[in-house]
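Enquirer: Can you read through this structure? Questions will come right after.
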Amino acid sequence: MTEWGEFIKLTAYVAALAYCWRIRADHPRPARMRQAWFWLAVSSGLSILRHAYELVGYLADWELDRMSWRQILIVLALLALTWGLVELAAAFRAVGFGLHWRRLDWFWLAAIVVLAVPVVVHRHRLGDANSTIAAMRSLQFLSSILLAVPAALALGLHRISVEMTGGKWATALQWMVAFLVSRLVCLCLLTAVPDSWLVVTLLGWAAPWMFVLAAAERWSVTRAAEKMSDQIFAGANKAS
Amino acid sequence: MNWDQALAQEGSRWREAALRQVDTERLLHGTMRRLERNGLTPAEAMALMGHLLEPLCGKKAAESTMTAASRRCGGLSAHNWRTFVACLSELISSFCGAAAGRLVDQAGLSLELA
């Protein structure tokens, strides 16, 4: 079952990488949005490597220490994801979105911090915390904190999606928010509620697909625009 | 039916046309005929562009981006419509991508302004 889980996540990140790379190409070179999708693609690529490593590890029945080297990939993927989200929010802020936070947003930010606390406090319950390699234990601690940062950034994306008032892009942002928050919820349950393995497993499988849906929805903006554009171009050519 | 509703209806027609592979030039003439004008005023053209962009980036995003583009090109008039379209295209492409920017360019420049 664990192997299947890894395979499901691996497939999701392959799909996400394909979408992110296409979306990146839809933005002109100096654009921050291009940078954002580049880093999201990098994060997806690193997640592919991480889940491929874990899949091989589970199939070959590696011992904990050898498995714990995955923390390098986890931390790098989280850093790339965080940077991608920062660039994404900055691109929106440059055109005036996400500048005004409401009181409710601060409440949600506090909720994210509350969710992150049990992850840090009970991190010894996570597998790699028992690795004999000190560096991997440190990285595992870092990844617990780093997971909360994208979840906090998701609040900014949520505010932007509300300000946009509908449209495909806003739907894409909402899927991204769901992806980022569900991962933190998942880790919080895993550490604080030991009996929640079924919910954690299902949510853990679903989370990467939420990212795929976010990227697919954003890609549909490009596809719809191209389709409409082709029609107008064809009409103009016919008229001339 | 008031002017706003008429424009909203025309915007929906444009969006559906893209899905049904309808001849856009014929659609544009139809729009003009239905709106009973020889050309649109800049504000009306902007409203029509707003309805075209709405399904892609949302109502408020389309409105505020058009306001920003209008401010950037020094106010909106029939005289500087092309400049406005160029500004809008640049702003839209910065967060919706180059394809959406091209759509703004082509749709904006195909509109006849009075």
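Enquirer: Is it fair to say A:R66 is surrounded by fewer than 20 Cβ atoms within 10 Å (Cβ to Cβ), part of a helix (DSSP H, G or I) and basic (K, R)?
Expert: yes
Enquirer: Still on this structure: State which residue is farthest from A:L198 (Cα to Cα) when the search covers only region A:9-38 and only residues that are more than 14 Å from chain B (Cβ to nearest Cβ) and in contact with a Pro (Cβ under 8 Å, 6 or more places away or on another chain).
Expert: A:A16
Enquirer: With the checklist (1) in contact with a helix residue (DSSP H, G or I) (Cβ under 9 Å, 6 or more places away or on another chain); (2) modelled with pLDDT of 70 or more; (3) more than 14 Å from chain A (Cβ to nearest Cβ) in hand, flag the one item B:Q5 doesn't pass.
Expert: (1)
Enquirer: Could you say whether any residue in region A:64-80 is under 30 Å from A:G127 (Cβ atoms) and without any contact (Cβ under 8 Å) to a residue 24 or more places away in the chain?
Expert: Within region A:64-80 (the criterion being under 30 Å from A:G127 (Cβ atoms) and without any contact (Cβ under 8 Å) to a residue 24 or more places away in the chain), the answer is yes, since at least one residue qualifies.
Enquirer: Note down all Cβ pairs under 6 Å where the first residue falls in region A:102-131 and is polar (S, T, N, Q), the second is outside any helix (DSSP H, G or I), and they're at least six residues apart or on different chains.
Expert: A:S131/A:S68
Enquirer: Oh, and also: For the structure I just gave you, tell me whether A:L203 is in contact with a helix residue (DSSP H, G or I) (Cβ under 9 Å, 6 or more places away or on another chain), surrounded by fewer than 20 Cβ atoms within 10 Å (Cβ to Cβ) and at pLDDT 90 or above.
Expert: Taking the combined requirement at face value, the residue satisfies it.
Enquirer: Search region B:58-76 for residues being touching a Leu at 6+ places or on another chain (Cβ under 9 Å) and more than 23 Å from A:A170 (Cβ to Cβ), and hand back the single one that is farthest from the other protein chains (Cβ to nearest Cβ).
Expert: B:C73
Enquirer: Where residues in region A:91-149 are hydroxyl-bearing (S, T, Y) and over 17 Å from A:R183 (Cβ atoms), which of them is surrounded by the most Cβ atoms within 10 Å (Cβ to Cβ)?
Expert: Here the answer is A:S131.
Enquirer: Taking region B:77-114 only, how many residues are within 11 Å of another protein chain (Cβ to nearest Cβ) and over 23 Å from B:E10 (Cα atoms)?
Expert: 7
Enquirer: Ok, one more. Surrounded by fewer than 22 Cβ atoms within 10 Å (Cβ to Cβ) and touching a residue at least 12 places away in the same chain (Cβ under 8 Å): which single residue out of A:A36, A:A25, A:A15, A:A60 fits that description?
Expert: It is A:A15.
Enquirer: Can you tell me which residue is modelled with the highest pLDDT among those in region A:94-149 that are over 22 Å from the mean Cα position of the chain (by Cα) and among the basic types (K, R)?
Expert: Only one residue fits best here, namely A:R137.
Enquirer: Scan region A:152-160 and tell me whether some residue there is touching a residue at least 12 places away in the same chain (Cβ under 8 Å), farther than 21 Å from A:L78 by Cβ and not hydroxyl-bearing (S, T, Y).
Expert: Checking region A:152-160: at least one residue is touching a residue at least 12 places away in the same chain (Cβ under 8 Å), farther than 21 Å from A:L78 by Cβ and not hydroxyl-bearing (S, T, Y).
The values are calculated or read from the model by the stated rules, or taken from the named source; none is laboratory data. Every value quoted in this text rests on a predicted model; they were computed, and no experiment measured them. Using ideal geometry, Cβ is built from the backbone for each residue, glycine included, and neighbour counts are taken over all protein chains shown.
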